[in-house]
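Just so it is clear, none of the values below were taken in a lab; they were calculated from the coordinates. Computed from a predicted structure; not experimentally measured. Glycine also receives a Cβ, built like all others from the backbone with ideal geometry; neighbour counts cover every protein chain displayed.
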Amino acid sequence: MAHLVAPSLLAADFLHLGRDVEMVNNSLADWFHVDVMDGHFVPNISFGFSIIKQIKSIATKPLDVHLMIANPDQYIGEFRKCGADNLTVHYETCAHLHKTVHSIKESGMKAGVVINPHNPVSLLSDIVADVDLVLIMSVNPGFGGQEFIPRTLDRVRELKDLLIRKNSKALIEVDGGVDTGNAKALLAAGVDVLVAGSTVFGAEDPLNTIKTLKEIQIK
Ligand code: DX5
Ligand code: ZN
């Protein structure tokens, strides 16, 4: 499978959000990455349902919603209603992760699970067969524009091995500090989905930056 590129709207210009969504619509990107932060699980607050609903009303590509919130279970139905296609929850926020993952699927979305940089990949060994997506944080969540943590490459390789061992078809997504310099190594390690916020929206030519990320070949 060719890899996917998911620009993170956290780095978009919120005063021109419609323009930035259209830019992604017209690009080679595959998904919109949508970061929801609640000021509890992470020390930052981003945006919620009404903004996501408006993004959905003009987006021509799936919404990949990354929840950085406490008690995600409480809001699964609401995120479905406002247009999420993928719903990814943090391992650290779910006391009954297996149940959460199945509720997400039952409500008609793809289910993802994400781990922070300090958490071992092996924590996921009994859930990878149930999920559509595993997101490895390559920064501590909460803010865009942080520096990529190099150990992520080993973590991706470890996850790839785990998925093979557990016969899981889950996609591997990486989020935080991804740029045109480290993307190739990430893809070579086994990443399927590159999330990029400031690399895309901070670029002089975002369309061309998406194209560069999309056209990286590893062989
Ligand atoms: C961080 C978010 C990321 C963020 C990435 O907590 O989950 O999706 O937008 O931003 P960059 O690509 O700028 O590191
Ligand atoms: Zn994210």
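Here are the criteria: (1) within 19 Å of Asp126 (Cα to Cα); (2) part of a loop (DSSP other than H, G, I, E, B). Tell me which single one Gly83 does not satisfy.
Here Gly83 meets the rest and fails (1).
Surrounded by 17 or more Cβ atoms within 10 Å (Cβ to Cβ) and either more than 26 Å from Ala12 (Cα to Cα) or more than 17 Å from the chain's Cα centre (by Cα) (or both): is that true of Ser122 in this structure? Talk me through it step by step, then tell me what you get.
On the way: surrounded by 17 or more Cβ atoms within 10 Å (Cβ to Cβ): no; either more than 26 Å from Ala12 (Cα to Cα) or more than 17 Å from the chain's Cα centre (by Cα) (or both): yes.
It is false that Ser122 is surrounded by 17 or more Cβ atoms within 10 Å (Cβ to Cβ) and either more than 26 Å from Ala12 (Cα to Cα) or more than 17 Å from the chain's Cα centre (by Cα) (or both).
Residues in the range 45-65 that are closer than 20 Å to Met23 by Cβ and either within 16 Å of ligand 2 (Cβ to nearest atom) or crowded, with 16+ Cβ neighbours inside 10 Å (or both): how many? It would help to see each step written out before you state the result.
The initial filter retains those residues of the range 45-65 that are closer than 20 Å to Met23 by Cβ, namely 46-47, 51-65.
Cutting the leftovers down to either within 16 Å of ligand 2 (Cβ to nearest atom) or crowded, with 16+ Cβ neighbours inside 10 Å (or both) gives us 46-47, 51-52, 54-56, 59, 61-65.
Total satisfying the criteria: 13.
For Thr199, indicate whether it is assigned to a helix (DSSP H, G or I) and of a type in the set (S, T, N, Q).
Values: assigned to a helix (DSSP H, G or I): yes; of a type in the set (S, T, N, Q): yes.
The answer is yes for Thr199.
How about the range 1-44: which of its residues are closer than 17 Å to Ser57 by Cβ and among the polar types (S, T, N, Q)?
The first filter runs over the range 1-44 and keeps only residues closer than 17 Å to Ser57 by Cβ, leaving 9, 12, 14, 16-26, 31-32, 34.
If the condition is that a residue be closer than 17 Å to Ser57 by Cβ and among the polar types (S, T, N, Q), then Asn25, Asn26 are the ones that fit.
Condition test on Gly197, is it touching a Lys or Arg at 6+ places or on another chain (Cβ under 6 Å) and under 23 Å from Gly112 (Cα atoms)?
Numbers: touching a Lys or Arg at 6+ places or on another chain (Cβ under 6 Å): no; under 23 Å from Gly112 (Cα atoms): yes.
So Gly197 fails the test.
What number of residues within the range 125-147 satisfy the criterion of being away from ligand 1 (no atom under 16 Å from the Cβ) and either out of contact with any helix residue (DSSP H, G or I) (no Cβ under 7 Å at 6 or more places or on another chain) or polar (S, T, N, Q) (or both)?
First, the residues of the range 125-147 that are away from ligand 1 (no atom under 16 Å from the Cβ): 125-132.
Filter once more, so that each one left must be either out of contact with any helix residue (DSSP H, G or I) (no Cβ under 7 Å at 6 or more places or on another chain) or polar (S, T, N, Q) (or both): 125-126, 129, 132.
The total comes to 4.
Give the range 20-54 a look and list any residue that's β-branched (Val, Ile, Thr) and under 16 Å from the mean Cα position of the chain (by Cα), or say none.
Of all residues in the range 20-54, those β-branched (Val, Ile, Thr) come to 21, 24, 34, 36, 42, 45, 51-52.
Hits for the range 20-54 are Val24, Val34, Val36, Val42, Ile52.
Does the range 172-183 contain any residue that is in a loop (DSSP other than H, G, I, E, B), among the β-branched types (Val, Ile, Thr) and more than 16 Å from ligand 2 (Cβ to nearest atom)? Write out each step before concluding.
Keep residues of the range 172-183 that are in a loop (DSSP other than H, G, I, E, B), which gives 176-182.
Imposing the further condition that a residue be among the β-branched types (Val, Ile, Thr) reduces the set to 178, 180.
Right, trim to more than 16 Å from ligand 2 (Cβ to nearest atom) and you get 180.
Scanning the range 172-183, I find at least one residue that is in a loop (DSSP other than H, G, I, E, B), among the β-branched types (Val, Ile, Thr) and more than 16 Å from ligand 2 (Cβ to nearest atom), so the answer is yes.
Would you confirm, using the coordinates I've provided, whether Leu28 is assigned to a strand (DSSP E or B), more than 13 Å from ligand 1 (Cβ to nearest atom) and surrounded by 14 or more Cβ atoms within 10 Å (Cβ to Cβ)? First the steps, then the outcome.
On the way: assigned to a strand (DSSP E or B): no; more than 13 Å from ligand 1 (Cβ to nearest atom): yes; surrounded by 14 or more Cβ atoms within 10 Å (Cβ to Cβ): yes.
Taking the combined requirement at face value, the residue does not satisfy it.
Being away from ligand 2 (no atom under 14 Å from the Cβ) and buried (at least 17 other Cβ atoms within 10 Å of the Cβ) is the requirement here; does Leu162 meet it?
Working: away from ligand 2 (no atom under 14 Å from the Cβ): yes; buried (at least 17 other Cβ atoms within 10 Å of the Cβ): yes.
So Leu162 fits the description; yes.
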